[in-house]
Structures are given as C-alpha cells and as structure tokens.
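Notes to accompany the following structure.
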Amino acid sequence: MSKPLEGVKVIDLTTFLATPTTGRVLGEWGADVIKVEAAKGDPGRVNQAAVFGMPSSDEENLGFDMANMHKRFISLNLKSEKGLEVMNKLLADADIFITNNRAKSLAKMGLDWESLHAKYPRLIMGHGLGYGKKGPEKDNAGFDVTCYMGRGGVFGTTVDKDSFPMIPTNGYGDFQASMFLAAGLLAAYIAREKSGEGDYVTCALQHAAIYALSTGMVSAQYGNPYPKSRLEVNNPLNNVFKSSDDQWVVLCLPEYDRDWPRVLKLIGREDLLDRTDLASIESVNAKGLSPEVVRILDDGFAQFTRSELLTMFTENDMPCEPAQVPADVYEDQNALVNEYIAQVPYPSGGKWCPTAPVQFEVSETAALAPTGKLGSSTEDVMRELGYSDDEIKAAESDGSVCGAVDLAVLQGK
C-alpha cells in the first residue's frame, strides 16, 4: 500500500513549530521532506525542549520530533557560495519549498518567491508568516503567542470575562496553522499539475486565529460581544460545570427549549418546570436571566461526581464530556482505537504524540519515529545531487555544509 504523497519532494527551510509541522505532515503522508538547517541547528532542536518542560538528547527529543518527524536532515551554510549552490540544486527538481524565514532574509539569498518563480516556474512555495505578506508589519517577528493568541483575538475572546486569558500549551496556534498551510500547498499542487505553474502559498498566524474565531468574528457585529462570563452566555446549556469531586464537565445542548425540562429532571429541579420565563432561550436572553439559569445548573451539577454526570447524561443521549487534560487523553479509548495519538519508540520507552488529524482509507501514513541528528543526511543528499565524495569533503572542510553533529555539541555541553 502506498502513501498518498509518495514521489513528492519537499525542501524545508524552517524553524520552531508552525511551518516545520507542515513539513512533518507532508512527510507523514509520504513526501520526501529534506530539512535544511544552519550549522547551529533549528532552535526547536537545540533549546525548545526545556521551554516545554521536556528532556532532550540525540536519543529522545520529542519537543523537536513532534514538528520534524518524517524528514531527512542536511546542514548548509546559505551565506556561502557552495551552500547556496546545493540549496538551488535541491530546489531545481523539488515540488514544494516551505519556509518561515523573513522575506528580507530570503531575498538576500535569492530564495524569495519572485526569484525562485523566475528560475523554477513549477516550484510551489509555502511561506509561514506572522502578520502576512502585506503592510508595514509584514517583516515583523511572529510567534504563536503574539500573532495568533494576541493579535488574532484568541486571548481576548476566550477569557472568562473579568478573569485572566487562557494559558494555552506552547504552539496551540502553530499546530493549527501548520494544517492550514498544508491544505493550501496541496491545493496548489493540484493546480500545478493542471497548469504547469507553481504558486506562492502563505498562511499567517494572525489570519489563522481570526479564521478559527469565525463565529465570534461574525456575531460580534450583531450585538454578541466577547469576552463573555460563563454566567452570561447566550445558551446556558452550552457551558462548563463543576462536579462534586471538583472536576469540570462540558455540556452542549444547542436546543435549549427542548432540553431545559429534561435537564431539570436529571438534576432534581422539577420544581422549576412551571417557570415560563426560564422555559425558552428567547425569554432567558430578553430578560437577562442567563446568570440565574447558570447558578441553578451549578447547584444541580454540584450534587454529582463527574462520573455520575457523564453516565447520567450519556444514558439520556445528551452530549456531556469531561474537560480532559493530556494525561486523560493517554487513556481515552476512543483516541487510542482511532489512533489520534501514537507512541514514538525511544530507548527509554514509547512516548505519546498526536498524529496528523487527517486519515486515509485506501492509503497508509508513516509510523511515528524519532528524528535524526543535524546534518545526518547531508552526505547522502549531496551524493543524490551528483556531488563526489571529494567535493563533499571539501564542502565540509570549508564550512559550506555540515555532516552529523551531536546535540550536546550544539547545546555547548
């Protein structure tokens, strides 16, 4: 059984999380992804694991691997004539080039869209951006927490009103943007197969966040402002509640008028069934009764443990789920049977990692596996490009390219 992107060649000049993960996804689907790093290595390889509260070594570096599996790794000095020559040879027969380098830096090396399109008209370029390709901020440094969470509106919109913004895991927006860019690249690939011409595909973190907030973005202009207090939501039956054992559950009952009597019976508040002002969502919102309804529900839910609530609502076909944390997901049978997470085999034992959130029926995807060292495939890839062993050694000697380097060396240990 073949993988869906077998035969597709991708050159990856990326760092950190968002755009590297696009390369990982394309590789997971079968593309030959060659990642180009400077001699100092991608910062995601060298120092990000500590930021994530994780260990790092040549044997186990999941903080880097989660965005860089299914790639071959070469190290080029793109400021050198030979290093840039190797890069251009790679791009000459590549299908896709992905990068999140700033446009100014790319232009200096002749790796900007205009230069590459003139030389390699079939090449598709994917560019992960912070703020976009236009305007005075187009070259500003862009990161998930600033571009996506901050300027994209996520922090301000998802906060419980008058409280603190959410504390997301690192890369919360990066991983979403990575899939958006991957989708755009594959659309451009299909178009290229028809027209013969490559395209310039961009995804900005700020744009990705604004798109993810679509419901809030469109409804705010109709008098539905954010942020909200959980006491002031438009439908109190779409909310989170705490159980008697201090656990959060998530209830989602969009048809308030139908389900309000059913919920009252489950929580033992049939005495409120004759409250006509609470019986319709139109009345609740018109009269500002949402806080009262939420407090009734809070008291009712607080009578039961989380397990009791989940059983009670599930038996009555009313969607209610636990507000899980990662450790819960490791044991979630639905996540396991559907392979939403899989283990990366390390010498110390398997470690869980999410898989790409798209699955195929008639094709297979690559199993998760640890990545290689910086420059671990430099020599092999150069041989594929036609360089002799003497030429490779000369390029290594003058610092134009770099072979395999231990992580401890990069970290100065």
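The values are calculated or read from the model by the stated rules, or taken from the named source; none is laboratory data. Computed from a predicted structure; not experimentally measured. Cβ placement follows ideal geometry from the backbone for every residue including glycine, while neighbour counts extend to all protein chains displayed. Quick note on the areas: whole protein, heavy atoms, side chains included, nothing else; ligands and nucleic acids left out. Shrake-Rupley method; radii C 1.70, N 1.55, O 1.52, S 1.80 Å.
Taking Lys393, Lys71 and ordering them by how much accessible surface each has at a 1.4 Å probe, largest first, produces Lys393, Lys71. Hydrodynamic estimate: the Kirkwood radius of segment 264-316 over Cα pairs, inserted into Stokes-Einstein at 25 °C and 0.890 mPa s, corresponds to D of 203 µm²/s.
The simple Förster model, with R0 at 22 Å and r as the Cβ-Cβ distance, assigns Glu292 and Lys161 a FRET efficiency of 0.85.
Among the listed pairs Lys71/Lys108; Lys228/Lys351; Lys82/Lys351; Lys3/Lys413; Lys265/Lys287; Lys138/Lys373, which are separated by more than 30 Å between their Cα atoms? Provide the component values of the computation, followed by the final result.
Details: Lys71/Lys108 26 Å; Lys228/Lys351 37 Å; Lys82/Lys351 39 Å; Lys3/Lys413 40 Å; Lys265/Lys287 23 Å; Lys138/Lys373 33 Å.
Exceeds cut-off: Lys228/Lys351; Lys82/Lys351; Lys3/Lys413; Lys138/Lys373.
Its relative contact order, with pairs defined as Cα atoms under 8 Å and 6+ residues apart, puts segment 66-225 at 25 percent. Here r is the Cβ-Cβ distance between Asp317 and Thr202 and R0 is 51 Å; the resulting FRET efficiency, rounded to 0.05, is 0.70.
For every other residue with a beta carbon closer than 11 angstrom to the beta carbon of Asp95, add +1 if it is Lys or Arg and -1 if Asp or Glu, then tell me the sum. Summing Lys and Arg as +1 and Asp and Glu as -1 gives 0.
Each part gets one Cα centre, and for segment 60-108 versus segment 335-413 those centres are 13 Å apart.
Projecting label points 7 angstrom from Cα along Cα→Cβ for Val329 and Gln221 puts them 3.3 nm apart. Within the chain, the percentage of alpha carbon pairs spaced more than 37 angstrom apart rounds to 36%.
Quick check: with the 1.4 Å probe, what order do Lys108, Lys35, Lys161, Lys228 take by accessible area, largest first?
On the way: Lys108 180, Lys35 0, Lys161 90, Lys228 40 Å².
Descending accessible area places them as Lys108, Lys161, Lys228, Lys35.
In this Cβ point-charge picture (+1 for Lys and Arg, -1 for Asp and Glu), segment 135-189 has a dipole of about 100 debye about its Cα centre.
Considering only Thr314, Thr202, Thr158, the mean-square fluctuation computed in a Gaussian network model of the chain, springs between alpha carbons under 10 angstrom, is largest for Thr314. The amide H of Gly126, built 1.01 Å from its N in the peptide plane, has Phe97, Ile98, Thr99, Val201 as neighbours under 5 Å, considering only residues 5 or more places off or on other chains.
Would you mind working out the magnitude of the charge dipole of the chain relative to its Cα centre, with +1 at each Lys and Arg C-beta and -1 at each Asp and Glu C-beta, to the nearest 20 Debye?
Details: 39 positive and 58 negative charges, 272 e Å.
Charge dipole, the chain, about its Cα centre: 1300 debye, nearest 20.
Per residue of segment 218-235, in order, report the coupling 6.51 cos²θ - 1.76 cosθ + 1.60 (Karplus, θ = phi - 60°) as ³J(HN,Hα) in whole Hz, putting x for Gly and Pro. With coefficients 6.51, -1.76 and 1.60, one gets 7, 7, 4, 6, 10, x, 10, x, 10, x, 10, 8, 5, 7, 10, 5, 5, 10 Hz.
Can you work out the accessible area per residue across the chain, with the rest of the protein chains kept in place, probe 1.4 Å, in square angstrom? Write out the running numbers ahead of the final one.
Details: 20580 Å² over 413 residues.
Counting only protein heavy atoms, the per-residue value for the chain is 50 Å².
Computed from the C-beta positions of Lys138 and Glu384 and an R0 of 45 Å, the FRET efficiency is 0.80 to the nearest 0.05.
Subtracting the Cα-Cα distance of Lys413 and Tyr346 from their residue separation scaled by 0.36 nm leaves 21.9 nm. Computed from backbone phi with θ = phi - 60° and the Karplus coefficients 6.51, -1.76 and 1.60, the 3J(HN,Hα) list for segment 164-181 is 8, x, 4, 10, x, 5, 4, x, 3, x, 4, 5, 6, 4, 4, 6, 4, 5 Hz; x is used for glycine and proline.
Explain nothing, just the number: relative contact order of the chain, from Cα pairs under 8 Å at least 6 residues apart, as a whole percent.
On the way: 716 pairs, mean separation 83.7, N = 413.
Relative contact order here is 20 percent.
With the charge dipole of the chain set up from +1 on Lys and Arg Cβ and -1 on Asp and Glu Cβ about the Cα centre, the Cα lying farthest toward the positive end among the listed residues Gly386, Ser214, Cys252 is that of Gly386.
Note on the chain: antiparallel DSSP beta bridges, both residues inside, total approximately 40 percent of the bridges counted.
Ignoring everything except DSSP H segments at least 4 long, calculate the 222 nm mean residue ellipticity for the chain; use -39,500 (n - 2.57) per segment, divide by total residues, nearest 500.
Estimated from H runs of four or more residues: -10500 deg cm²/dmol.
Under a Gaussian network description of the chain, with springs only between Cα atoms under 10 Å, the residue in Tyr189, Tyr346, Tyr200 that fluctuates furthest is Tyr346.
Roll a 1.4 angstrom probe over the protein heavy atoms and tell me the percent of accessible area of the chain that is carbon or sulfur.
Numbers: 10950 of 20580 Å².
In the chain, the share of accessible area belonging to carbon and sulfur is 53 percent.
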